[in-house]
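In what follows, a single structure is set out as structure tokens and then discussed.
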Ligand SMILES: Cc1cc2nc3c(=O)[nH]c(=O)nc-3n(C[C@H](O)[C@H](O)[C@H](O)COP(=O)(O)OP(=O)(O)OC[C@H]3O[C@@H](n4cnc5c(N)ncnc54)[C@H](O)[C@@H]3O)c2cc1C
């Protein structure tokens, strides 16, 4: 899977979505999924823009409901991040039970779990920076519910590799699988993996009926665990020069929107703060991807350093940025992000959020 980075190629991807086929096949490895998440996560596309572009094609809401519901999951997790802040880094609704350690099984890091399709999935993640949603669920279930790791470090491992790394979707989905943000833990057995990823393996530690998961001991080859010291290879900073009479528009890892204040005369800066990447490290592939995406923004300069250092350099100039939970320390003019609907805030469940959201979108 290659993720192109020109704006034209990205918009074309939206036009290739077949929402009807999506609804029927999304759980299969070769399902008609959109592969839009790296662009949505990096703030190139908003869920609103994707929805509106589908509407322009005249697709009735009923035909695209499943797809739009998935877009709404994205907004839901983001809204939860806004509402809960750093609480999403800890067990949200209930404590994870039967935790053996706060590390990650070494066999997951190395791709040697012994489940062939899972080991292939791990290799795909490392090679391409992407993974099918169902494979993410399998991996999270093996790490948390079979090997009994606390969810956080394995989640950090996955986030590190994903081009679409979005800490809200990531941490909260891991918590959903681990049962700390849902009513029960998620399990999948070998039959399930064989069905959706077209395998035939038998006799693995997952080749058991679902009742067996209640008391399953950690399999021998998942026992060794490690803590990985993830580091982000940040690029060298440009020698940033700012035109004093123009405002400074701040882009970052979560905002690379090429349409944002597009026609305004402004200094455009991609701000990569080491402190953010210390908390949420990402791989070299992710950084390369971001640098390539930033090329869609004319005149953008890369500033590697903290917000305060940039603010000193831009003394007296207006700083403008988009709202995001990782930008709370920015000062200046804050623009809102675009959302799928006007439904916002802290909802106790996705379906409580989706109900009013669907009502609004159906009638647009
Ligand atoms: C353990 C785990 C970790 C995850 N980590 C991330 C992450 O770091 N970043 C990330 O973007 N997504 C994450 N997801 C959600 C989901 O797997 C990806 O968004 C999806 O696989 C992206 O592929 P796609 O663009 O082809 O999605 P499609 O199936 O085509 O869906 C369209 C869009 O809807 C949104 N979407 C779909 N499924 C979900 C979902 N379950 N949760 C939130 N939004 C969704 C995405 O924006 C996606 O681009 C995670 C899921 C799990 C189970």
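Read-outs: derived from the displayed coordinates by stated rules, not from any lab. Since the model is a prediction, treat every value here as computed from it, not as a measurement. Neighbour counts run over all protein chains shown; Cβ positions are idealised from the backbone, glycine included.
Points worth noting:
- Enumeration of residues in the range 313-324 that are surrounded by fewer than 17 Cβ atoms within 10 Å (Cβ to Cβ) and touching a helix residue (DSSP H, G or I) at 6+ places or on another chain (Cβ under 9 Å): 323
- Residues of the range 63-100 satisfying the condition of being assigned to a helix (DSSP H, G or I) and over 18 Å from the mean Cα position of the chain (by Cα): 63, 64, 65, 66
- Residues of the range 123-146 satisfying the condition of being over 16 Å from the mean Cα position of the chain (by Cα), under 17 Å from residue 160 (Cα atoms) and buried (at least 23 other Cβ atoms within 10 Å of the Cβ): 143
- Remark: residue 82 falls outside the filter, which requires a residue to be touching a helix residue (DSSP H, G or I) at 6+ places or on another chain (Cβ under 7 Å) and buried (at least 21 other Cβ atoms within 10 Å of the Cβ).
- Condition broken by residue 55, with the remaining ones in (1) more than 10 Å from the ligand (Cβ to nearest atom); (2) within 25 Å of residue 129 (Cα to Cα) satisfied: (2)
- Selection from the range 27-62 of residues that are within 17 Å of the chain's Cα centre (by Cα) and part of a loop (DSSP other than H, G, I, E, B): 33, 34, 35, 36, 42, 43, 44, 45, 46
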